[in-house]
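See structure below.
None of the figures in this text is laboratory data; all of them are computed from the coordinates on show. Given the structure is predicted, the values throughout are model-derived calculations rather than measurements. Here the Cβ is made from the backbone with ideal geometry for all residues, glycine too, and neighbour counts use every protein chain on show.
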Amino acid sequence: MTTPRVVDTTDQPTTTSDRAARPKKKSRKFSPWGVVAWLVGLGFFFPVFWMVLTAFKQESDAATNPPKLFFAPTLDQFQAVFDQAIGPAMLNSIFATGLSTLFVLLLGTPAAFALSLRPVRKTQDALFFFMSTKMLPVVAVILPLYVIVSNIGLLDNIWALVILYTAMNLPIAVWMMRSFFLEVPGELLEAASLDGASLWRSVREVILPLVSPGIAATALICVIFAWNEFFFAVNLTAVNAQTMPVYLVGFIAGEGQYWAVLSAAATMAALPVILCGWFAQNKLVRGLSFGAIK
């Protein structure tokens, strides 16, 4: 009976296939552009960081020159913000922003689909009409809008802002979503129709899942624009329909600036939008880069 021969491969030369099978180590090279990108990103983020930091200071610490970096944190400024009834303004902003964004998506998605995968007559004229509504300065229309809103009984009513925010964001949403729909091959609709699917089912089960990142990115842009809108809100509301941008103006007093409490109010005002962006960050990145890489 012969014993099996054990072959020692430790000293044998490595073949080309063996080298290819081994995972390659990524070389980490120093890039000065990476450092520049980090510095620019930190520069953009620093005002937000300083606002949040100031919100935890006392007024005496917030007004020092040079600024104080080490202090005893406090929640007194946030308590002062809640004492000045931030709740109604926050709810008004959430209602106007959320409902107007929903209306924009419900109206803009079919319009963008009709102008991309199912082109209608005079598409370019329709697109130009959408964008022409953004060319008129808002200060030129505030007087007739004020008269119309007053005559129909919507002055200081949150529904007036819902309608205006929907009209304000709809042209941008149609243009953005149309670019996303154009990246979808038209052959997908043809294949779905050959399989017997109706147009509505094809859009619901084939097209919308593909462009959902773009729709999410469009929705977030509309949320930011509606949440930060100030001009219509300050001229068409007073008390009942006051939104967060108008609420923040109340912390700017004539006898001086109270930086700590104003920073606390601004932090509370920015928090919902930041949370929306954080929850939708994956779809936002995919939506903004949709169609960039074939």
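Annotations
- For the pair GLU187 and SER212, a Förster radius of 22 Å applied to the C-beta separation gives a FRET efficiency near 0.65, rounded to the nearest 0.05.
- Residues VAL273, VAL35 arranged by fewest to most Cβ contacts within 10 Å: VAL35, VAL273
- Shown for GLU187, GLU229: other C-beta atoms within 10 Å of each C-beta, ranked fewest to most, produce the order GLU187, GLU229.
- Straightening the chain between ARG121 and PHE82 buys 8.7 nm, computed as 0.36 nm per residue apart minus the Cα-Cα spacing.
- Ordered by the number of other Cβ atoms lying within 10 Å of each residue's own Cβ, fewest first, VAL184, VAL81, VAL239 fall into the sequence VAL239, VAL184, VAL81.
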